[in-house]
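Peer 1: First the structure, then my questions, so here it is.
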Ligand code: ACG
């Protein structure tokens, strides 16, 4: 189970108010004890943006985050605690202020070939596929391709030297001790058709690119972990995920949240066929990276409006096969609404102290969605056994304890009875079901087995009979 970590907002080790590697190292034990055995480090390379996705130098750690030595200390400690660490690498583009782009603007080789320049006036009409934003921008009289905005020129991987450079970058981070990568924007490596002059995903070409990258990493480290971010429909996600071994299941995140919000088990069962469902099959070729939120989305409590619903969504999520990813702060029920123009609210500082400050507290931006004195800080929640944090932690504990929820289990069928959601799964020869109450009312059910345990919420269990309260989940074995 991975914890998605934005260093900037987590724990400050040097007193400048900005989270860093030194601080995160101090808090590795917290992450482990909460229930995680992996960390997805959001980009830590030098960057001009607060989120880090526009890199100025792929070989440098953002000085605000620390040094190579501090990264190695972080990794050593994580490994001691038996945690894997994967790094987010946005290879699709660089910052407009990067040395590569500045040299390219001056016509210096090979850098000039590493970017895509407007060659035909017709190309200028091309628009970003999902929201029609412009994809060309101008600097020093030269017009360059930039799908993610004018501050991030796209790299042009038709250049062979750039492909070699990308391999070197990945090897560099593996040599420092990283266990693998989260590949950002994986479907965007080749997303402009020169023949047609429009934005069009070149999936086959992209897949070949990623195959080369993965093979090159494996030559150095056979068991490198790869996770791909392909935010798209299941058929596209499937195409890519087999190469990587783990692929984020974006459609699943919507289905879970919508079903809980609509209090509709039918919505879940009807729409699960629209998610990358073969990732839950017995014969699956890759694992789904399962999640409900990430840094590009509204936080769970803000989306589902109540904490009970948020915990239900987490228990449904963690009942499914796959590799879970949880965004930092979700375990505390932090709030935050995604806004494409200023997507900072869901990147707010982790709330360590009730008064809003103290040793290690990050302060790079002011609180907005998560104010002090709201009884939501870790300080308060950690000592209250019924707090959101402690309930969340119990669900994580449950998944970690019941190994068959994690390894090699597969979903057999999904059904609805008495308006309860049943997810039937198998592990080796054992059959089990997780049962979730998405309704407003308490539900009664008599099972064929009395091997029943509560996952989350409230349930009166007497032998094989159960009253399951709203927003609660149970697990039934030996069916
Ligand atoms: C990654 C990072 C993100 C980062 C970048 C750029 C990429 O997580 O933080 O931005 O480094 C697209 C890309 C993703 C990208 C997001 C932000 N995420 O594909 O790689 O944008 C549609 C499109 C998707 C699109 C999504 C976004 O198809 O391609 O993601 O919309 O809204 C159904 C459909 C599905 C559809 C969804 C939503 O599920 O099946 O196709 O997705 O509905 O409608 C960062 C910053 C940015 C900055 C950039 C440089 O966050 O602000 O500009 O860095």
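The values are calculated or read from the model by the stated rules, or taken from the named source; none is laboratory data. All values reported here derive from a predicted model rather than from experimental measurement. Cβ: placed from backbone, ideal geometry, glycine included. Neighbour counts: every protein chain shown.
Peer 1: I'm trying to understand the selection: among the residues of region 243-254, which are surrounded by fewer than 24 Cβ atoms within 10 Å (Cβ to Cβ), part of a helix (DSSP H, G or I) and more than 10 Å from the ligand (Cβ to nearest atom)?
Peer 2: Correct list: 243 only.
Peer 1: Checking residue 361 against (1) in contact with a helix residue (DSSP H, G or I) (Cβ under 9 Å, 6 or more places away or on another chain); (2) buried (at least 20 other Cβ atoms within 10 Å of the Cβ), which single condition isn't satisfied?
Peer 2: Only one criterion is unmet by residue 361, namely (1).
Peer 1: Can you find a residue that is more than 14 Å from residue 105 (Cα to Cα), away from the ligand (no atom under 16 Å from the Cβ), within 24 Å of the chain's Cα centre (by Cα) and buried (at least 19 other Cβ atoms within 10 Å of the Cβ) anywhere in region 161-170?
Peer 2: Yes, region 161-170 contains at least one residue that is more than 14 Å from residue 105 (Cα to Cα), away from the ligand (no atom under 16 Å from the Cβ), within 24 Å of the chain's Cα centre (by Cα) and buried (at least 19 other Cβ atoms within 10 Å of the Cβ).
Peer 1: For region 108-147, which positions are within 11 Å of the ligand (Cβ to nearest atom) and touching a strand residue (DSSP E or B) at 6+ places or on another chain (Cβ under 6 Å)?
Peer 2: Answer for region 108-147, where residues must be within 11 Å of the ligand (Cβ to nearest atom) and touching a strand residue (DSSP E or B) at 6+ places or on another chain (Cβ under 6 Å): 129, 146, 147.
Peer 1: Return the only residue of 319, 368 being touching a strand residue (DSSP E or B) at 6+ places or on another chain (Cβ under 8 Å) and in a loop (DSSP other than H, G, I, E, B).
Peer 2: Result of the check over 319, 368: 319.
Peer 1: Considering only residues that are surrounded by fewer than 24 Cβ atoms within 10 Å (Cβ to Cβ), out of contact with any helix residue (DSSP H, G or I) (no Cβ under 7 Å at 6 or more places or on another chain) and more than 17 Å from residue 344 (Cβ to Cβ), which ones fall in region 6-31?
Peer 2: Result: 15, 16, 26, 27, 29, 30, 31.
Peer 1: Given (1) assigned to a loop (DSSP other than H, G, I, E, B); (2) surrounded by fewer than 22 Cβ atoms within 10 Å (Cβ to Cβ); (3) within 13 Å of the ligand (Cβ to nearest atom), where does residue 230 come up short, assuming only one miss?
Peer 2: (2)
Peer 1: Do any residues in region 108-129 that are without any contact (Cβ under 8 Å) to a residue 24 or more places away in the chain have Cβ atoms under 8 Å from those of residues that are within 16 Å of the ligand (Cβ to nearest atom), where the two are at least six apart or on different chains, and which pairs are they?
Peer 2: Once the first residue is without any contact (Cβ under 8 Å) to a residue 24 or more places away in the chain and sits in region 108-129, its partners that are within 16 Å of the ligand (Cβ to nearest atom) give 111/100; 111/101; 124/136.
Peer 1: While we're here: Determine if region 200-209 includes at least one residue that is away from the ligand (no atom under 16 Å from the Cβ) and outside any helix (DSSP H, G or I).
Peer 2: No, region 200-209 contains no residue that is away from the ligand (no atom under 16 Å from the Cβ) and outside any helix (DSSP H, G or I).
Residue-by-condition table, conditions (1) part of a strand (DSSP E or B); (2) surrounded by fewer than 16 Cβ atoms within 10 Å (Cβ to Cβ); (3) away from the ligand (no atom under 15 Å from the Cβ):
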{"site": "43", "(1), (2), (3)": "no, no, no"}
{"site": "56", "(1), (2), (3)": "yes, no, no"}
{"site": "70", "(1), (2), (3)": "no, no, yes"}
{"site": "95", "(1), (2), (3)": "no, no, no"}
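Peer 1: Which of the residues belonging to region 150-160 are part of a loop (DSSP other than H, G, I, E, B), over 30 Å from residue 84 (Cα atoms) and either more than 14 Å from the ligand (Cβ to nearest atom) or touching a strand residue (DSSP E or B) at 6+ places or on another chain (Cβ under 8 Å) (or both)?
Peer 2: 150, 153, 156, 158, 159
Per-residue answers, yes or no, for (1) surrounded by fewer than 22 Cβ atoms within 10 Å (Cβ to Cβ); (2) away from the ligand (no atom under 16 Å from the Cβ); (3) under 26 Å from residue 386 (Cβ atoms):
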| site | (1), (2), (3) |
| --- | --- |
| 283 | yes, yes, no |
| 289 | no, no, no |
| 297 | yes, no, no |
| 300 | no, yes, yes |
| 313 | no, yes, yes |
| 319 | no, yes, yes |
| 327 | no, no, yes |
| 334 | no, yes, yes |
| 339 | yes, no, no |
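Peer 1: Residues of region 428-442 being in contact with a strand residue (DSSP E or B) (Cβ under 8 Å, 6 or more places away or on another chain) and either closer than 17 Å to residue 284 by Cβ or crowded, with 19+ Cβ neighbours inside 10 Å (or both), which ones?
Peer 2: 432, 433, 434, 435, 436, 437, 438
Peer 1: Taking residue 235 and the conditions (1) over 20 Å from residue 273 (Cα atoms); (2) out of contact with any helix residue (DSSP H, G or I) (no Cβ under 6 Å at 6 or more places or on another chain); (3) within 14 Å of the ligand (Cβ to nearest atom); (4) free of Cβ contacts under 8 Å to residues at least 60 places away in the same chain, which numbered condition does it fall short on, given that it satisfies the others?
Peer 2: Result: residue 235 passes all but (1).
Peer 1: In region 180-188, is there at least one residue being away from the ligand (no atom under 16 Å from the Cβ) and modelled with pLDDT of 95 or more?
Peer 2: yes
Peer 1: Now a separate question. Can you pull out the residues in region 29-41 that are in contact with a strand residue (DSSP E or B) (Cβ under 8 Å, 6 or more places away or on another chain) and not in a loop (DSSP other than H, G, I, E, B)?
Peer 2: 31, 34, 38, 39, 40, 41
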